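Novice: Have a look at this one before I ask anything.
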Amino acid sequence: MENNLEQAVREASLSRKTNETDIALKLAVDGSGEAELETDVPFLNHMLDLFTKHGQFNLSVQAKGDIEIDDHHTVEDIGICLGQALREALGDKKGIKRYANVFIPMDEALAQVVIDISNRPHFEYRASYPSQQVGSFSTELVHEFLWKFALEARITLHVIVHYGANTHHMIEAVFKALGRALDEATQIDPRVKGVPSTKGVL
Ligand SMILES: [Mn+2]
């Protein structure tokens, strides 16, 4: 368990203020599923709560945004902050599993999330939802959030919603799968010596 002893506490906090949003975010990778979410986008709070619970992270987000326009900037900027926090929290990535492939069902819906903590930002997304809105939330913002998260975290992220009939369920399955996949890929594997790359750096 040498790796564990050498591992610094994997957490990061940051704040980001623009003319569009004002965000404070704290992420602990090795948490207990505790979420404290105060954003102006209730559906995103619900999704981040699931993400945190099923990823066994701790996450707090306080976000104010220009939701009088729409939710876009707030959702996008929380994705940016979460990505930056993940990247910072993981540090040199020594000893991590790096990859994960997770399927999560939510009743009739099935989502798959495949991750490589690669330091190579890439996002693939295959999802077609029956409705364009969940409550007041536009489903196109799921793409926006995930893409900016992957970009700033510098991970390879593939998200596939295989099928489903209820848009709320389908998106819920995505965020649960994202949490579970990130939990697995960020786990310290005692067999991994140093950085899990033949290049020697991630
Ligand atoms: Mn729900």
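The values are calculated or read from the model by the stated rules, or taken from the named source; none is laboratory data. On a predicted model such as this, the values are computed, not experimentally measured, just so you know. Note that each Cβ is placed from the backbone with ideal geometry, even for glycine, and that neighbours are counted across all protein chains shown. Just so you know, the surface numbers come from the protein's heavy atoms only, side chains and all, with ligands and any DNA or RNA stripped out. Shrake-Rupley method; radii C 1.70, N 1.55, O 1.52, S 1.80 Å.
Novice: Roughly how many whole Å is it from the C-alpha centroid of region 58-120 to that of region 174-188?
Specialist: Between the Cα centres of region 58-120 and region 174-188 lies a distance of 9 Å.
Novice: Net charge near residue 61: determine it from the other residues with C-beta under 13 Å of the C-beta of residue 61, scoring Lys and Arg +1 and Asp and Glu -1. Intermediate values should be presented prior to the final figure.
Specialist: On the way: positive: 16, 26, 64; negative: 22, 34, 36, 38, 40, 49, 77.
Local net charge: -4.
Novice: How many percent of the accessible area of region 52-202 is carbon or sulfur, using a 1.4 Å probe?
Specialist: Values: 3210 of 6590 Å².
Ligands and nucleic acids excluded, carbon and sulfur reach 49 percent.
Novice: So, one more: Each residue of region 169-180 in order: what ³J(HN,Hα) in whole Hz does its phi give by Karplus 6.51 cos²θ - 1.76 cosθ + 1.60, θ = phi - 60°, with x for Gly and Pro?
Specialist: These are the phi-based 3J(HN,Hα) values: 4, 5, 6, 4, 4, 4, 6, 5, 5, 4, x, 5 Hz.
Novice: Relative contact order for the chain: what percent, with Cα pairs under 8 Å and sequence separation of 6 or more?
Specialist: 26 percent
Novice: Just to check I understand the Karplus step: with θ = phi - 60° and J = 6.51 cos²θ - 1.76 cosθ + 1.60, what whole-Hz values come out for region 143-156, glycine and proline as x?
Specialist: Going residue by residue, I get 4, 4, 4, 5, 5, 5, 4, 4, 4, 6, 6, 6, 10, 8 Hz, with x marking Gly and Pro.
Novice: Taking the convex hull of the alpha carbon atoms in region 88-146, what volume per residue do you get, in Å³?
Specialist: Convex hull of Cα atoms, per residue: 130 Å³.
Novice: Around residue 18, with a cut-off of 10 angstrom between Cβ atoms, what is the net charge of the other residues, counting Lys and Arg +1 and Asp and Glu -1?
Specialist: -2
Novice: Output ³J(HN,Hα) for region 121-131: one whole-Hz value per residue in order, computed from phi by the Karplus curve 6.51 cos²θ - 1.76 cosθ + 1.60 with θ = phi - 60°, and x for Gly and Pro.
Specialist: Per-residue couplings from phi come out as x, 8, 9, 10, 9, 10, 7, 9, 9, x, 10 Hz.
Novice: Still on this structure, please answer the following. Per the Cauchy relation, a quarter of the hull surface: what is the mean projected area of the convex hull of the alpha carbons in region 105-202, in nm²?
Specialist: With the hull built on Cα positions only, its mean projection is 6.8 nm².
Novice: What Kirkwood hydrodynamic radius do you get for the chain when you take the inverse of the mean 1/r over all pairs of distinct Cα atoms, in Å?
Specialist: On the way: mean 1/r = 0.0590 Å⁻¹.
Result for the chain, one decimal place: 16.9 Å.
Novice: Return one whole number: the accessible area per residue of the chain in Å², for a 1.4 Å probe. Could the numbers behind the result be given before it?
Specialist: Details: 9520 Å² over 202 residues.
Each residue of the chain exposes 47 Å² on average to a 1.4 Å probe.
Novice: Once you list every other residue whose beta carbon is under 12 Å from the beta carbon of residue 43, what net charge do they have if Lys and Arg are +1 and Asp and Glu are -1?
Specialist: Once all neighbours under 12 Å are counted, the net charge is -4.
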